[in-house]
1. Which one is farthest from the chain's Cα centre (by Cα) among residues in the stretch 271-303 that are open to solvent by 10 Å² or more (accessible area, probe 1.4 Å), within 18 Å of residue 245 (Cα to Cα) and among the aliphatic types (A, V, I, L, M)?
2. Based on this model, can you work out whether residue 295 counts as touching a residue at least 24 places away in the same chain (Cβ under 8 Å) and either in a loop (DSSP other than H, G, I, E, B) or in contact with an Asp or Glu (Cβ under 8 Å, 6 or more places away or on another chain) (or both)?
3. Sort through 3, 59 and tell me the only one that's closer than 27 Å to residue 337 by Cβ, open to solvent by less than 60 Å² (accessible area, probe 1.4 Å) and not in a loop (DSSP other than H, G, I, E, B).
4. Within the stretch 254-268, is even one residue assigned to a helix (DSSP H, G or I), of a type outside the set (Ser, Thr, Tyr), touching a residue at least 12 places away in the same chain (Cβ under 8 Å) and open to solvent by 60 Å² or more (accessible area, probe 1.4 Å)?
5. Identify all residues within the stretch 154-204 that are part of a strand (DSSP E or B) and either open to solvent by less than 30 Å² (accessible area, probe 1.4 Å) or closer than 17 Å to residue 123 by Cα (or both); write none if there are none.
6. All but one of (1) more than 26 Å from residue 245 (Cβ to Cβ); (2) hydroxyl-bearing (Ser, Thr, Tyr); (3) loosely packed, with under 15 Cβ neighbours inside 10 Å; (4) modelled with pLDDT of 95 or more hold for residue 341; state the number of the condition that does not hold.
7. If I filter the stretch 212-220 for residues that are under 16 Å from the mean Cα position of the chain (by Cα), buried (at least 22 other Cβ atoms within 10 Å of the Cβ) and hydrophobic (A, V, I, L, M, F, W, C), do I get at least one hit?
Amino acid sequence: MSVTNDLFLRALRGEAVNRPPVWMMRQAGRYLPEFMEIRKKYDFFTRCQTPELASEITVQPIRRFGMDAAILFSDILVVPQAMNIEVQMKPNFGPYLPNPIQSQKDVDAAIVPDVNQELDYVMQAIQMTKEKLNNAVPLIGFAGSPWTILCYCVQGQGSKTFDKAKAFCFTQPKAAHEMLQKITDTTIAYLKAKVKAGVNAVQIFDSWGGMLSPTDYQELSWQYIQQIVDALKDDAPVIVFGKGCWFALGEMAKSGASALGVDWTCSARNARYLSGGNITLQGNFDPARLLSPPSQIKSRVTQMINEFGKDKYIVNLGHGILPNIPLENAKAFIDAVKEYSN
């Protein structure tokens, strides 16, 4: 079934458009009062693992603001959970893994699961979301990059430096690469199952790629992302978003991905230059800038579109939307794109 509003898919194909499409990372989430109502009743992983809840949360921002794409409500850490690694989400703390990966023995204990069995709830959520969306807009599925998942698996929690994760890779390289490959194999199977279940595109979030030097990035992150792109690109468009990874945009542009996400620290001009100027780019409004007055948000968004150019461009934030953003400001961001005319 084709979608009624295919602007997002056309931008991924690099076709000329009247205005660029718009969606926001973390758009299904904590800045929405209707999401907070659900959050009061159910804990985090219950929301992820209950298809009725996940699908409802996914469509909430579309109902309210009418973005050009929906992104399935889920979490990157459902992948290690499926691999037999315990992951908890602690209120006011974030992800917590009580038994982090520290040795070859721990790596051996991690499994490459049957994703259709272990992550069946995600596939059900996709099918329910597709029904609710009724082909109005495309649905995006996502996964974390193998390096980003490894960071949590080894560190055991969020971190500003992921020093333990790096130490593991540099002192036990064999175990680290085995673990990265297991995560990669699981992620490929998972994203393929998502496409089969009905998502129209997939995004790989390399949230912690920018923690690595360019040389280490190639070895510990990029080569595994490339495997995922190679495996998926003929099934669905793939977007790669590496936070702080401007140094890899040239390599990423040759990968076969349909689009590259850019964070707010890289200008439109630099992003176009570094990526070779031919690939669709996505981004890169500073999420904190949504705290500016709505009129200022609108003028800055218009300026951003003019700098990137309306074609081969998807308007987004440079990272996820913050929980304290007023609804009228989120609306100003979306409306500015919809009202755009050059």
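The values are calculated or read from the model by the stated rules, or taken from the named source; none is laboratory data. From a predicted model like this one, the values you see are computed outputs, not experimental measurements. Glycine also receives a Cβ, built like all others from the backbone with ideal geometry; neighbour counts cover every protein chain displayed. Quick note on the areas: whole protein, heavy atoms, side chains included, nothing else; ligands and nucleic acids left out. Shrake-Rupley method; radii C 1.70, N 1.55, O 1.52, S 1.80 Å.
1. 274
2. When the stated conditions are applied, residue 295 does not pass them.
3. Result of the check over 3, 59: 59.
4. Checked the stretch 254-268: no residue is assigned to a helix (DSSP H, G or I), of a type outside the set (Ser, Thr, Tyr), touching a residue at least 12 places away in the same chain (Cβ under 8 Å) and open to solvent by 60 Å² or more (accessible area, probe 1.4 Å).
5. 201, 202, 203, 204, listed by residue number.
6. The single condition residue 341 does not satisfy is (4).
7. No, the stretch 212-220 contains no residue that is under 16 Å from the mean Cα position of the chain (by Cα), buried (at least 22 other Cβ atoms within 10 Å of the Cβ) and hydrophobic (A, V, I, L, M, F, W, C).
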